[in-house]
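Only the coordinates and a few stated rules stand behind these numbers; no lab work does. Remember, it's a predicted structure, so these values are computed and weren't measured experimentally. Cβ placement follows ideal geometry from the backbone for every residue including glycine, while neighbour counts extend to all protein chains displayed.
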C-alpha cells in the first residue's frame, strides 16, 4: 500500500470516527522515532479546526503525548521545507543553471559557483518527490540539503560581489553583476538555508503552541 493509499484509508476512517459524515480538510502523516505511524486529520467547523489522530490501524490515538509528538514532527517538517527553500528549489536550480551558462565564457569560476548552487538546489528539490512523511530522518535529510545549499550560496555570493564591481563604464562585468545579484535575491526570498539550524530552533515556541491547540481541540477525550 502506498502512502497515498494509506492517507485515503485514514481519511475515510477519520470521517467515520468523527461522526456527522464530515470529511477531513486535510490528513497529514508522521512516523515517530519508534516507527509508529500517525495520521493527523483536521476537520473544519464553524468554531474553527478540530483534530483527530489515528494510528497505523486507523484507530483513534488517545495518548496526548503521542499526538503532541506527531504534531511537532509535522510542524517541524513544514518549517524545514520553508527555511530550506524546498518549495522553490527547482526554480532556483533552473535560474542558476541558466546563469552558469551565461557566465561560462566571461567568468568560469563564477559559473562554477553558480552550477554548485544549481546542484545543491536540485538536492533540496529532490526531497519533495511524492507525498511527504514527517519523520526525524526526513528532518535530518532536509537539514543536510539546506546546509549544502546554504554553503553553495555563500560561495556564490563572493563571486557575485566580485562581478558587481565593474571594470569600466558600461562594461560587461557590471551587467553580469546585476544578473548575479538578481539570482541571489531570488534565492534569498525563497528561504534561508544557511540559517537552517537557527530557524528551526526559533520555531520551538510556535510548534509547542500548535501542539497545545491540537490537544485543546481534539475531537475525543484523553484518559485522565
Completion exercise
Nearest 10, in degrees from 0 to 90: the angle of helix 108-125 to the longest Cα principal axis of the chain is 10 degrees
Handout entry: Cα centroid separation - segment 174-190 against segment 30-91, whole Å
Key = 36 Å
Practice task
Multiply the residue gap between residue 57 and residue 25 by 0.36 nm, knock off their C-alpha separation, and tell me the result in nm, one decimal place.
Solution key: 9.5 nm
Handout entry: segment 13-62: relative contact order as a whole-number percent, Cα under 8 Å and 6+ apart
Key = 31 percent
Problem - Degrees separating the helix 136-163 axis from the principal Cα axis of the chain, which is the longest one - result: 20 degrees
Exercise for the section: Kindly express, to the nearest 10 degrees and within the range 0 to 90, the angle between helix 172-190's C-alpha long axis and the longest C-alpha principal axis of the chain. Expected result: 10 degrees
Completion exercise
Under a Gaussian network model of the chain whose springs join Cα atoms within less than 10 Å, the largest fluctuation of 210, 54, 149 belongs to 210
Exercise for the section: Measure off 7 Å from each Cα along the Cα-to-Cβ vector at residue 216 and residue 186, then give the distance between these two points in nanometres to one decimal. Expected result: 4.2 nm
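Restricting everything to alpha-carbon atoms, can you work out Rg to Rh for segment 85-190 with a Kirkwood hydrodynamic radius? All intermediate terms of the calculation are to be shown ahead of the outcome.
Working: Rg = 15.0 Å, Rh = 14.2 Å.
Looking at segment 85-190, the ratio lands at 1.06.
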Exercise for the section: Considering only 196, 96, 43, give the residue with the highest GNM mean-square fluctuation for the chain, with springs between Cα atoms whenever their separation is below 10 Å. Expected result: 43
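Could you tell me what fraction of 2.2 N^0.38 Å the Cα radius of gyration of the chain comes to, as a two-decimal ratio?
1.29
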